[in-house]
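Worksheet: the structure to be examined is printed underneath.
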Amino acid sequence: MKSGKQTTLGARATVSGIGVHSGRPASLTFHPAESNTGIVFIRLDAQGRPEREIRAHARHVTATELATVLGDDTGGPCVSTIEHIMATLCALGVDNALIEIDGPEAPIMDGSAAAFVAAIDQAGVVALAAARRYTKVLKPIRVEKGDAFGELTPYDRGFRVDVTIDFPHALIGQQSIALEVEPTIFRREIARARTFGFMKDVAKLWSAGYARGSSLENTVVIADDRLLNPEGLRFADEFVRHKALDAIGDLALAGAPLLGAYKSVKGGHKLNHAILCALIADPTAWTVVEAKEPRSVVRAPRRGHADIAAGLAAPAYRADLS
């Protein structure tokens, strides 16, 4: 049986790089946190002192153009491009963490979640005393935008994603992937999939203030008839795998791990956020359930890879998940 306890990190871990859109250097440090903290980003000032603090939650999303941005009405954007970090914490079963960052955008690293997986492995994952809570989907919720749609449906076995993309380019076309979001599958199938973009869009992105840190070291770049990265793809369908990575990260902003299935067709950050907002806005569509630890098993906190909990109780209460 898997643990039904909340988790946090066993130690701190730091990653550094540049923002894919801002081009600015950034250092990000994961810290352990107490039960029921959730995932909290702490923006540091130029002297390394805490300047702003914001919880990773859908209600704090201020933008979804090419990346997911957290902020608020008073201070504006706080930290952007958090989706790969959130996907890693979600898939590896980390419930509580404080994340200090000294710039406006998370480092893109190699364009995938691999560096964040390595950071969590370095820190280790330990169990806390409190029971894990889940946001359980009770009925279908669907959002459509033209020929794209996202849909959340009940699924008692955990969190599952089913993603389809369709790009009018010979190297991509229509691709689909469906999988359970759990540590082993995430590591093997999703974590190493990189972000991608098209050469024809570069000038437009630069003029709009995006992709200033993008390069062949952190982005799969597609020209009219070929891939520009000399090493090629990591997976034959790396494009849809990366979209699944983004979807996992965006839906990790529910306030507690999702217990449900997500289907996305031709979606992206904007659609992922819209479906999560639609779920939260309907109080009959979700509830909170608490995981139960099997009585016959006594567990001590341990370092190492996290597992996603099993053994869910009946709905315990409804909460704002704030």
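Each reported figure results from applying straightforward, stated rules to the coordinates on display, with no laboratory input. Computed from a predicted model, the values in this text were never measured in an experiment. Quick reminder, even Gly has a Cβ in these numbers, built from the backbone with ideal geometry, and neighbours come from all protein chains shown.
The table for this structure:
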item: Among Asp237, Asp201, Asp121, residue whose mean-square fluctuation peaks in a GNM of the chain (springs only between Cα atoms under 10 Å); result: Asp201
item: Ala129 versus Arg212: modelled label distance in nm, points set 7 Å from Cα along the beta carbon direction; result: 4.8
item: Relative contact order computed over the chain (Cα-Cα under 8 Å; 6+ residues apart), in percent; result: 27
item: The chain: Lys pairs at Cα distance under 12 angstrom, eight or more positions apart or on different chains; result: 6
item: Quarter of Cα convex hull surface for the chain, i.e. mean projection, nm²; result: 15.9
item: Å³ per residue enclosed by the Cα convex hull of segment 107-258; result: 150
item: Three-way shape call for segment 35-92 based on the alpha-carbon gyration tensor, with the a/c threshold at 1.5; result: oblate
item: Farthest toward positive dipole pole in the chain [+1 Lys/Arg, -1 Asp/Glu at C-beta], among Ala223, Pro257, Ala281; result: Pro257
item: Packing-based exposure ordering (other Cβ within 10 Å, fewest first) of Cys90, Cys78, Cys277; result: Cys277, Cys78, Cys90
item: Added length on full extension, which subtracts the Cα-Cα distance from 0.36 nm per residue, Ala236 to Lys145; result: 30.0 nm
item: Length added when fully stretched, Tyr155-Ser176, from 0.36 nm per residue minus Cα-Cα; result: 5.6 nm
item: Dipole magnitude of segment 91-226 about its Cα centre (Cβ charges: Lys, Arg +1; Asp, Glu -1), debye to nearest 20; result: 300
item: Per-residue Cβ neighbour rank within 10 angstrom, fewest leading, His242, His57; result: His57, His242
item: Label zone at Leu205, where the point sits 7 Å out along the Cα-to-Cβ direction: segment 157-181 residues whose backbone N lies under 18 Å; result: 166-173
item: Spacing of the two label points (7 Å from each Cα toward its C-beta) at Asp166 and Thr284, in nm; result: 3.2
item: Dipole moment magnitude, nearest 20 debye, the chain about Cα centre, only Lys, Arg, Asp, Glu C-beta charged; result: 800
